[in-house]
Each structure stands twice: as structure tokens, then as C-alpha cells.
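What follows is one structure encoded as C-alpha cells, with my remarks underneath.
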Amino acid sequence: MSGAVATELSGWGRTMPTVARLVDAHSETQISELIKDADSRGVLARGLGRSYGDAAQSGGATVIDMTTMTGFRLDADNMSVTADAGASIDEILRQIVPRGFFVPVSAGTRIITVGGAIAGDIHGKNHHRDGSFGAHVTELALIDGLGVMHNLTPKDPRFWATVGGMGLTGVIVSATFTVIPIQSSYITVDTERGKDLDAVMSSMLERDHEYRYTVAWIDSVSASGRGVITRGDHSTAQQCNDDKIKNPRSYDPKKIATAPGLVPKGALNKWTVQAFNEGWFRKHPSLRVGEQQKISAFFHPLDGVQEWNRIYGPQGFLQYQFQVPDSAGNLVEIALGKLREIGAPSFLTVLKRFGPGNQAPLSFPQSGWTLAADLPAGVPGLGRTLDQLDDLISAEGGRLYLAKDSRQSPTNFARTYPRLEEWREIRDTMDPNHVFASDLSRRLEI
């Protein structure tokens, strides 16, 4: 295969690398030919590799690197962006924020592609108000398993099978999505400390509706489950009328550091995380109202540290993110307790509220709570504990996020995504020969 290079690929967690034939994407015609020429291991599109587990890798297969197709344009009159699938949210923001626009949904990193945002149906701090990314896509162009191009809109079931479909319905080559008008590159932020988990969750239930964006950092090591809630909305020009803010629309996020290349095994443990969490909690005031934060600081603080995933050492890490309905909110506390019992340290533990889900059969968010914890791989008893949590969560109608998952069983996946068979029927019309495959799809027997 011309241009193919045997390459070891992994997710952001760096836990399960496999070797694939990596090919740069150059054109729709080339992608169509790669699909038509696929062997038994199949084809998969890959963006910037920020899914945490094995969703964007496929051992022995042809993996198409979409980051070589990066064009996009802003239609200011219609408040929309049309972009190649390989265009990054980072580059889009650098162009549209100074012109007075922002993406409708932002994940915790901007280092993702438009195609990845759709395939993972990313969510953010505003899901309770605005839903996930797929709800704001108005059209997408996709090449199916027969190498045929389709332009899909939300009226088509194939569109919704692709949203959250983890790249298994076809190769997304471009998409159009709406953007929101803003007056500045700042967020007006209110910060509140909660003395324990009950205080944090109660405050979020009572006040989330007052803000467009809300997130809580939870001290997973503390038995109290204390936390820090940050809430905000886009700052108006008047709110940026401050001598310290020279240009309210200036937007140029910088890399401030690079994680060390060699981190000793075990450097991130319950003692170091406990020290970090104590400092992080004390850093924030009990209550602060009206602080001006740059968009990059509020939405993407970790993007300022290049390759921060290396902090977890050579064994890598996994993120355990689950969702449960309000009726099972107690599982947030149970999950934190079980992770503390085995000494699984997480300095990045995030709690958010979800609003209603969308029409996509494999989209993750549903109304209720979502907790995400980054955990070092290799913690004794971690696999067994997470299996126990899977059972508790699935029994209450909850589920795990496929873009973060690296270890759930096919049985757990099938029982937590009740529309899986509906998705499979649509997928089979789009990819009758099951050309599109990933390590995740094989692990979960999709």
C-alpha cells in the first residue's frame, strides 16, 4: 500500500498500543480507494489521538490519519463553521474567537478534530443547557463502507448513527456546525468551595440552571469528597472594561510547560495526590464572584502542559467516566469510596450535570450526573473494583463513555446501551462488509 507506514498507535492513556498501517489522508478519492481495498482487518479514521482508550487504533488494519485535511471556513452571517474532519478545534478557535464566535460545545481539551468531536459526540460544561456536539451539527459528509460519499443531515438516521458512532459507520470527511456569538475571549466565573460531596452536589442541583457552564473538581482522596465548583458564562465587552484587559477579543493560548519524558513508576501515588489536592482546594476561595478568566484557562487548563499524559509514568493511565440518573446519584459517593479503598489516586476528578440526551443511539450523555476520574494503570485491585462499579452503574441505568473507555466488557456495554441493535441495523446498511473496525469495536464485539 503506497504511503503506508507501520506505526504503533495508542490512546491518550498510553495503555494498550498496537501497530497499524498508518496512511495520510489526501483526498476523498484516495480515502474511497483505501476503503475499497481494505483487507480483513479493515479501515479506521484517526484524528489527534485524544480518546483515552483503544477507540482510535486498530492493530493490523489501515488507519487513515485525517489530520492532513484541515481546511475550514467561518460563515459569520449564518453563524456556522464548515470544516474538514481533520481540522482541530484549537485552530478553529484561534480564528473564530477574535472574530466574535465560540464553538457550541467544548470538551476539556481543544486538541481534538472536528471528526473526533462528532464520532465521540463530545460534551462539555454546558451540557445541561446546550447538549452535546452532535446537536449542533447541521450536515456532515461521510464515505461509507462501499467507498460511496453521502451528505447526511439530522433528518437521516445514518447521521445519528454516526454521531457518537466512534468512526464505525464511515469516514467523516467534513461537517458544518453552528457557533455562538461572543463579545470577548473571557469567561466571567463564580467560584464556590463545598465542604463535602453533599454540599457540592446540592449546590449544583440548586444553581446550575443559572449558568451556561458549570463543573466541579472533587477531592477524590479526601473522605469528605469536598470540592470546588466553577460556574460562568461568556464575558460581555462591558465586563471586560478593565485596565488589565487591553484587547477583550485577543486569543492566543500558549504552551506553558512540557511534562517530563521520564516519570518514575509510582511517582503519582495517594500521598503525592493528597498533597496536590490539599493545595488545589486551599488555592480557591470559599466564594468568589465575577472573576475574569481567559477561555483557555476556564475550558482547557491542561492543554497548557504538553504531553501531560506522561505524568502517569510508563504504565499509563485510564479515565473512568460514568453517567447515572439523578435517582442513582449516591453512586458518585460509592465510586469515590471504592477508589479510595484501593488507594487509586486521582488528582483530576470532575463532576458535571447532564441534561437530556440526543437521538444518537451510542451517544453517552443522559440526564443526571457524570463523574470522571483519571487513574494510574497498575493500581492493585483496580480492575476488580471497576468491574464492581460497572455492575452497580449498569443496574441503575447508567453507562460508560466510549471515548474514555479502555476496559469494560462487551456484556456491560450491551446492557448499558439499549439501542445498540438499532445502531447495528443502521451500521449494516452503511457498512455491509464491516470494513470499519477498531481495537475498541473488537473488544466490545460491536
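With the condition kept exactly as written, say whether any residue in segment 202-215 is modelled with pLDDT under 95, of a type in the set (Ser, Thr, Tyr) and under 19 Å from Val350 (Cα atoms).
no
Inside segment 367-386, can you point out the residues that are of a type outside the set (Val, Ile, Thr) and out of contact with any helix residue (DSSP H, G or I) (no Cβ under 8 Å at 6 or more places or on another chain)?
Residues satisfying the conditions are Ala372, Gly378, Pro380, Gly381, Leu382, Gly383, Arg384, Leu386.
Within segment 212-228, take every residue that is in contact (Cβ under 8 Å) with a residue 40 or more places away in the chain and in contact with an Asp or Glu (Cβ under 7 Å, 6 or more places away or on another chain) and give me the one that is surrounded by the fewest Cβ atoms within 10 Å (Cβ to Cβ).
Arg212
In segment 184-202, which residues are within 30 Å of Asp242 (Cα to Cα) and either without any contact (Cβ under 8 Å) to a residue 12 or more places away in the chain or surrounded by fewer than 23 Cβ atoms within 10 Å (Cβ to Cβ) (or both)?
Across segment 184-202, the qualifying residues are Thr188, Val189, Asp190, Thr191, Glu192, Arg193.
Can you confirm whether segment 235-247 contains a residue that is surrounded by 20 or more Cβ atoms within 10 Å (Cβ to Cβ), modelled with pLDDT under 95, assigned to a loop (DSSP other than H, G, I, E, B) and charged (D, E, K, R)?
no
Take the residues in segment 115-172 that are of a type in the set (Lys, Arg) and over 17 Å from Tyr401 (Cβ atoms); name whichever of them is surrounded by the fewest Cβ atoms within 10 Å (Cβ to Cβ).
Among residues in segment 115-172 that are of a type in the set (Lys, Arg) and over 17 Å from Tyr401 (Cβ atoms), the one surrounded by the fewest Cβ atoms within 10 Å (Cβ to Cβ) is Lys155.
Just the residues that are within 24 Å of Val228 (Cβ to Cβ), buried (at least 21 other Cβ atoms within 10 Å of the Cβ) and among the small types (Gly, Ala, Ser), please, taken from segment 329-367.
Answer for segment 329-367, where residues must be within 24 Å of Val228 (Cβ to Cβ), buried (at least 21 other Cβ atoms within 10 Å of the Cβ) and among the small types (Gly, Ala, Ser): Ala335, Ala344, Ser346.
From Pro264, Pro314, Pro285, Pro345, which residue is at pLDDT below 70 and in a loop (DSSP other than H, G, I, E, B)?
The conditions single out Pro264.
Can you tell me which residues in segment 387-412 are part of a helix (DSSP H, G or I) and touching a strand residue (DSSP E or B) at 6+ places or on another chain (Cβ under 6 Å)?
Ile393
The values are calculated or read from the model by the stated rules, or taken from the named source; none is laboratory data. If you're wondering where the values come from, they're calculated on a predicted model, not measured in any experiment. Please note: Cβ atoms are built from the backbone with ideal geometry, for glycine as well, and neighbour counts cover all protein chains shown.
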